[in-house]
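The values are calculated or read from the model by the stated rules, or taken from the named source; none is laboratory data. For clarity, every value in this text was computed on a predicted model and none was experimentally measured. Using ideal geometry, Cβ is built from the backbone for each residue, glycine included, and neighbour counts are taken over all protein chains shown.
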There are 2 protein chains.
Amino acid sequence: MARLVVMYRTPKDAVAFDKYYFETHVPIARKIPGLRKYEVSQGAVATPAGPSGFHLIATLHFDDLAAVQRAFASPEGQAAAADVQTFASGGVDMFFFDSREV
Amino acid sequence: MARLVVMYRTPKDAVAFDKYYFETHVPIARKIPGLRKYEVSQGAVATPAGPSGFHLIATLHFDDLAAVQRAFASPEGQAAAADVQTFASGGVDMFFFDSREV
């Protein structure tokens with residue numbers, strides 16, 4: 001399995017962010033080909049020392065890294081990436097990697 | 001479900017890091033009470049723009065945030081946290097949050 005982790009830094013308006021994210025962005029991102037599972041953080045993203053500066057972390061599951069690459073290259077993936085830029089007012093970090101259980 | 005995401009920045013010696021991580025740290029961390037699943041990145045952690053600066057991302061699964069708090073407070077959790085400080089020579093970021101599927 002591979003993972004795409006999308007980490008949204010605290011936005012200017014968290015209420016507007018959440019409304020847009022769940023009503024508009026999630027339906028767009030769910031169309032990405034090869035997406036097997038889509039998880040989001042619920043409530044605060046914390047660290048052992050306190051607040052994290054991140055508002056929401058999304059984890060998208062794919063079969064493998066080739067599927068992640070195909071997703072980025074697809075029209076649906078490009079639409080989702082372009083949409084991120086419209087609402088991620090605090091900035092966003094994205095990471096992808098192969099994953100295995102230990 | 002709740003997640004504890006541990007993001008290790010690129011260490012001074014990646015080979016020594018990996019040896020210690022898998023031979024010593026994983027067995028220590030696996031003893032943390034309430035741990036349901038333990039996933040690690042395999043190979044490079046990438047971003048859409050290229051290398052990420054992170055060497056390894058671990059995702060630990062717990063039933064809920066209360067279980068994460070109990071894990072941090074447990075002797076086994078404290079041993080794992082203390083052990084991290086011995087090998088995370090590049091630095092480490094930790095995040096925990098409730099998680100749901102969308």
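Quick notes
- Tally of residues being at negative phi, surrounded by 13 or more Cβ atoms within 10 Å (Cβ to Cβ) and in contact (Cβ under 8 Å) with a residue 12 or more places away in the chain across region B:19-37: 11
- Top-ranked residue in region B:55-65 [being assigned to a strand (DSSP E or B) and more than 7 Å from chain A (Cβ to nearest Cβ); ranked as surrounded by the fewest Cβ atoms within 10 Å (Cβ to Cβ)]: B:His61
- Restricting attention to region A:68-93 and to residues that are over 18 Å from A:Lys31 (Cβ atoms) and either part of a loop (DSSP other than H, G, I, E, B) or touching a Ser or Thr at 6+ places or on another chain (Cβ under 8 Å) (or both), the residue that is nearest to the other protein chains (Cβ to nearest Cβ) turns out to be A:Asp93.
- Residue check for A:Val40: buried (at least 19 other Cβ atoms within 10 Å of the Cβ), within 12 Å of chain B (Cβ to nearest Cβ), within 23 Å of B:Ser52 (Cα to Cα) and without any contact (Cβ under 8 Å) to a residue 24 or more places away in the chain: yes
- Every residue from region B:43-82 that is without any contact (Cβ under 8 Å) to a residue 12 or more places away in the chain and within 12 Å of the chain's Cα centre (by Cα): B:Ala81
- Odd one out for B:Pro48 among (1) modelled with pLDDT of 95 or more; (2) closer than 23 Å to A:Leu56 by Cβ; (3) in contact with a helix residue (DSSP H, G or I) (Cβ under 8 Å, 6 or more places away or on another chain): (1)
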